[in-house]
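Single-structure report; data block below.
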Number of protein chains: 2
Amino acid sequence: MSSYNVAPLDNLIDQFERLPNIGHKSAQRLAYHILTLPESTVKEFANALINAKKSIHFCKSCCNLTDKEYCPICSNSKRDASTICVVERPRDVVAMERTQEYTGVYHVLHGAISPLMGIGPDSLCIKELLARVGNGEIKEVIMATNPTVEGEATAVYLSKLLKPLGVKVTHLAYGIPVGADLTYADEITLARALEGRTDL
Amino acid sequence: MSSYNVAPLDNLIDQFERLPNIGHKSAQRLAYHILTLPESTVKEFANALINAKKSIHFCKSCCNLTDKEYCPICSNSKRDASTICVVERPRDVVAMERTQEYTGVYHVLHGAISPLMGIGPDSLCIKELLARVGNGEIKEVIMATNPTVEGEATAVYLSKLLKPLGVKVTHLAYGIPVGADLTYADEITLARALEGRTDL
């Protein structure tokens, strides 16, 4: 940027611009907005960033995000620990929970297999899932990966690994609009998809 | 948010959601993105926020944002200090500078008069402008407030205060934006362009 701008402001604009879906104009608008806020509010924001990053890690069992050793769902004894719903992202757990229909537990892969993007099975939380299923207490694994090429491929790949372990592998029914993102599906569609799940 | 979410994450989502034009879904996406970044990158972002807020204040002369006592434009002896261009926002200075046509200095009001929004002349950097013009070294003040009801009202209000001080007060020309299609120009802009027509 040119000399009429100030370094700490340019730096802040630059930081905002690195976030996904934030262009230069939006980054400018956000940075100028920050300067209008009281210093205490800006500190709260900065602390929220650092605290979230520092305290949040993967649940030892399901790989969902948590600030404890086990996430609230895995440590809830009322949940059916013999059914695992496999999702791509932590936000998909939030979407599934909104249906209030599912009483089992989850497993978060943190992505889907995508050779084009260089994401192989080793980049995902797959060995953790196999370890959980391998201990013999799991009856059913429900694939709830996104209805995209990558999500489908991941579900098929996992079912081939899981079926020899003697576990039932099912898939969410096509109530989900194909090509959409699971996060943005409404509760009713998601609930229908859960009810009508089929063998994979 | 429900129990399956974690407090530091909820807090971060909440912080992002307070920013202008960031809804809940975008805030979620940004927060999850932050968790995928290395801790050092998150710290840089947090520091950029705090540093910008701490070190940036108004230029003693023109009220533009700066981390020094005077902004780079006011402290540049090559600029014509007898011409002041009055703008609403710091980003308008950036826009004017991009023209590379203007050699004078600026004055940033930090808003426009808007009785509906509770913004009166006292909320803006107007007394600083009057003080600058009052010292007698200013020959011309160019109004470059936005072509909105509020911007226009502010320009008229200021010209009434400035003219008695014996200074020339001008206004940016209205007309058709260069490169635009006449068909899509609104009536008011076209009427103004016609009024302000110049010899060819």
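Here are some notes:
- Using a 7 Å projection from Cα along Cα-to-Cβ, the label point at residue B:78 is separated from the same position in the remaining copies by 7.2 nm, smallest value first.
- In this assembly of identical copies, the label point of residue B:57 (Cα plus 7 Å along Cα-to-Cβ) is separated from its counterparts by 4.3 nm, sorted shortest first.
- The mean number of partner chain beta-carbon atoms within 10 angstrom of a residue's beta-carbon across peptide B:37-47 is 5.
- Residue order for A:96, B:117 - accessible surface, 1.4 angstrom probe, largest first: B:117, A:96
- Averaged over A:150-160, number of beta-carbon atoms from partner chains that fall within 10 Å: 0
- Taking only alpha carbon atoms, chain B gives an Rg to Rh ratio of 1.08, where Rh is the Kirkwood radius.
- Projected-area mean, region A:1-51, by convex hull of Cα positions, square nanometres: 3.9
- Backbone N under 14 Å from the residue B:94 label point (7 Å along Cα→Cβ), restricted to region B:54-68: B:65-66
- With all pairs of different C-alpha atoms in the average, the Kirkwood value for the hydrodynamic radius of the protein assembly as shown is 25.3 Å.
- Of the residues B:191, B:34, B:123, the one whose Cα sits farthest toward the positive end of the charge dipole of chain B, with +1 on the Cβ of Lys and Arg and -1 on the Cβ of Asp and Glu, is B:123.
- Sum of side-chain charges, residue B:175 neighbourhood, beta-carbon under 9 Å (Lys, Arg +1; Asp, Glu -1): +2
- The alpha-carbon of residue B:168 sits under 26 angstrom from the alpha-carbons of these lysines, leaving out residues fewer than 8 places away in its chain: B:60, B:78, B:127, B:139, B:160.
- Of the three principal axes defined by the Cα atoms of region A:1-102, the extents in descending order read 63, 25, 21 Å.
- Exposure of residue B:192 as accessible area (Å², to 10), given a probe of 1.4 Å and all protein chains: 80
- Taking Lys and Arg as +1 and Asp and Glu as -1, the other residues whose beta-carbon sits under 14 Å from that of residue B:25 total -1.
- Given charges at beta-carbon only (K, R positive; D, E negative), |dipole| of the protein assembly as shown in Debye: 700
- Across identical copies of the chain, residue B:197 has label-point separations of 7.4 nm, listed in ascending order, with the point defined 7 angstrom from Cα along Cα→Cβ.
- For region B:85-195, alpha-carbon Rg relative to the globular expectation (2.2 N^0.38 Å, N residues): 1.14
- Over 16 Å [Cα-Cα, region A:45-136], rounded percent: 60
The values are calculated or read from the model by the stated rules, or taken from the named source; none is laboratory data. Treat the numbers as computed from the prediction; the structure is a model and nothing was measured. Backbone-built Cβ (ideal geometry, glycine too); neighbour counts: all protein chains shown. These accessible areas exclude ligands, DNA and RNA; they are computed on the full protein's heavy atoms, side chains included. Shrake-Rupley method; radii C 1.70, N 1.55, O 1.52, S 1.80 Å.
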